[in-house]
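The values are calculated or read from the model by the stated rules, or taken from the named source; none is laboratory data. All figures in this text were calculated on a predicted structure; none of them were measured in a lab. Counting neighbours? That spans all protein chains shown, and the Cβs are built from the backbone with ideal geometry, glycine included.
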Amino acid sequence: MIKSLKKVLLKYLPVNYFKFSKSYSQDGEDMILKALYELKKGYKGFFVDVGAHHPVRYSNTKYFSKRGWRGINVEPTPTAIKAFEMFRKRDVNLNIGVGQERGKLKFYCFNEPALNSFSEEVSKRIDRESTKYKIIKEVDIDVLPLSDVFDNYLPANTKIDFLTIDVEGLDYQVLLSNNWEKYKPEIILIEEGIDVDDLSKSPIYIFLKEKGYRFLAKTPRTCFYRL
C-alpha cells in the first residue's frame with residue numbers, strides 16, 4: 001500500500017517537492033546562508049568560524065563543509081579540537097582563542113560546552129544564576145588577534161565568504177582585533193541577542209556600518225551583515 005502511494009505521488013508530483021535541507025545551526029543560521037549562496041551552483045567557498053564549538057552540533061559551517069567548502073575553525077575548548085581534527089580534515093583547526101592582544105586568557109568551561117567563554121562577567125553570572133549550568137574548570141588558553149589568525153593561517157589569495165563569531169560575550173572584541181584594511185569577509189554572522197528596533201544603539205552594528213557593512217537578517221541569537 002505504501003509503495004503504491006509513493007508511486008502515485010512520484011508520478012504526479014515533481015521529485016523536488018520532497019527535497020529538503022538539514023540545518024545544523026542552533027537557530028537555522030546555515031539555512032539563511034544557504035539562501036544567499038544557492039544560486040552559485042557547485043560553488044565551494046571559504047569560511048572562518050570563531051567559537052566553532054563542534055564540527056556538527058550547533059555548527060554554522062557543517063552544511064557547507066559537506067558540500068566541499070573549506071575553512072578555519074577556531075575553538076579554545078581543549079577537548080573539542082580532537083573532533084575537528086577527526087571530522088574536518090580539509091580545514092585548518094586551531095585550539096586557541098581570539099582577542100585584542102596576543103597572550104593567554106582564563107577560559108571558563110561549563111558542563112554545557114556551548115557556554116564556554118573567556119568572559120569572566122558572563123561566565124560567573126551564568127554560574128551564579130543558573131541551577132542547570134555550572135563552571136566545571138578554568139584553564140589558561142593561548143589567544144591571538146583575528147588579524148594574526150588570518151595572517152598566519154588564511155591561504156594566499158583566498159576570499160573569506162563568511163565569518164561567523166560566537167564567543168559568549170566577547171564578540172565585539174573579536175571584531176576589534178581584525179585588520180579591516182586587509183581582511184573583509186563578504187558576510188559576517190555575529191552573536192548578539194538584541195532587538196531589531198535597538199540595533200542603532202549596538203556597538204557592533206555601529207562598528208560594522210562604519211566598515212561598509214549593512215544589516216541583512218537576524219535569528220534569535222545571531223545578526224547577519226553583508227558588504
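Which numbered condition in (1) assigned to a loop (DSSP other than H, G, I, E, B); (2) touching a residue at least 24 places away in the same chain (Cβ under 8 Å); (3) not polar (S, T, N, Q) is the only one that residue 106 fails?
(1)
Quick check on segment 183-199. Is at least one of its residues among the basic types (Lys, Arg) and surrounded by 12 or more Cβ atoms within 10 Å (Cβ to Cβ)?
The initial filter retains those residues of segment 183-199 that are among the basic types (Lys, Arg), namely 184.
Among the residues that remain, those that are also surrounded by 12 or more Cβ atoms within 10 Å (Cβ to Cβ) are: 184.
Yes, segment 183-199 contains a residue that is among the basic types (Lys, Arg) and surrounded by 12 or more Cβ atoms within 10 Å (Cβ to Cβ).
Do we have residue 111 as closer than 27 Å to residue 28 by Cβ and within 17 Å of the chain's Cα centre (by Cα) here?
Working: closer than 27 Å to residue 28 by Cβ: yes; within 17 Å of the chain's Cα centre (by Cα): no.
For residue 111, the condition - closer than 27 Å to residue 28 by Cβ and within 17 Å of the chain's Cα centre (by Cα) - is not met.
Filtering segment 200-212 down to residues that are modelled with pLDDT of 95 or more, in a helix (DSSP H, G or I) and not β-branched (Val, Ile, Thr), which residue is surrounded by the fewest Cβ atoms within 10 Å (Cβ to Cβ)?
So, considering only residues that are modelled with pLDDT of 95 or more, in a helix (DSSP H, G or I) and not β-branched (Val, Ile, Thr), the one surrounded by the fewest Cβ atoms within 10 Å (Cβ to Cβ) is 210.
Return yes when residue 215 is free of Cβ contacts under 8 Å to residues at least 60 places away in the same chain and assigned to a strand (DSSP E or B) and no when it is not.
On the way: free of Cβ contacts under 8 Å to residues at least 60 places away in the same chain: yes; assigned to a strand (DSSP E or B): yes.
For residue 215, the condition - free of Cβ contacts under 8 Å to residues at least 60 places away in the same chain and assigned to a strand (DSSP E or B) - is met.
Go through segment 64-104 and report how many residues are aliphatic (A, V, I, L, M) and modelled with pLDDT under 90. Spell out the reasoning first.
So in segment 64-104, the residues aliphatic (A, V, I, L, M) come out as 72, 74, 80-81, 83, 86, 92, 94, 96, 98.
Going one step further and asking which of them are modelled with pLDDT under 90, we end up with 80-81.
Number satisfying all stated conditions: 2.
Of a type in the set (A, V, I, L, M, F, W, C) and farther than 24 Å from residue 20 by Cβ: does that describe residue 36? Walk me through it before giving the result.
Numbers: of a type in the set (A, V, I, L, M, F, W, C): yes; farther than 24 Å from residue 20 by Cβ: no.
So residue 36 fails the test.
Determine if segment 127-143 includes at least one residue that is touching a Ser or Thr at 6+ places or on another chain (Cβ under 7 Å) and under 21 Å from residue 70 (Cβ atoms). Explain how you work it out, then say what you get.
Just the residues of segment 127-143 that are touching a Ser or Thr at 6+ places or on another chain (Cβ under 7 Å), to begin with: 135.
Of the ones still in play, those that are also under 21 Å from residue 70 (Cβ atoms) are none.
No; the residues of segment 127-143 include none that is touching a Ser or Thr at 6+ places or on another chain (Cβ under 7 Å) and under 21 Å from residue 70 (Cβ atoms).
State all residues of segment 123-175 that are hydrophobic (A, V, I, L, M, F, W, C), surrounded by 15 or more Cβ atoms within 10 Å (Cβ to Cβ) and within 23 Å of residue 106 (Cβ to Cβ); if no residue qualifies, say none.
Taking segment 123-175 first, the residues hydrophobic (A, V, I, L, M, F, W, C) are 126, 135-136, 139, 141, 143-144, 146, 149-150, 154, 156, 160, 162-163, 165, 167, 170, 174-175.
Imposing the further condition that a residue be surrounded by 15 or more Cβ atoms within 10 Å (Cβ to Cβ) reduces the set to 126, 135, 141, 143-144, 146, 149-150, 154, 160, 162-163, 165, 167, 170, 174-175.
Result: 126, 135, 141, 143, 144, 146, 149, 165, 167, 170, 174, 175.
So how many residues does segment 137-166 have that are closer than 23 Å to residue 26 by Cα and either part of a helix (DSSP H, G or I) or more than 23 Å from the chain's Cα centre (by Cα) (or both)?
The initial filter retains those residues of segment 137-166 that are closer than 23 Å to residue 26 by Cα, namely 160-166.
Narrowing the set further to residues that are either part of a helix (DSSP H, G or I) or more than 23 Å from the chain's Cα centre (by Cα) (or both) leaves none.
Summing the residues that are closer than 23 Å to residue 26 by Cα and either part of a helix (DSSP H, G or I) or more than 23 Å from the chain's Cα centre (by Cα) (or both) in segment 137-166 gives 0.
Any chance segment 178-186 includes a residue that's under 21 Å from residue 55 (Cβ atoms), in contact with a Lys or Arg (Cβ under 9 Å, 6 or more places away or on another chain) and at pLDDT 95 or above? Walk me through how you get there before you give the answer.
So in segment 178-186, the residues under 21 Å from residue 55 (Cβ atoms) come out as 185.
Next, only the ones that are in contact with a Lys or Arg (Cβ under 9 Å, 6 or more places away or on another chain) stay: 185.
Among the residues that remain, those that are also at pLDDT 95 or above are: 185.
There is at least one residue in segment 178-186 that is under 21 Å from residue 55 (Cβ atoms), in contact with a Lys or Arg (Cβ under 9 Å, 6 or more places away or on another chain) and at pLDDT 95 or above.
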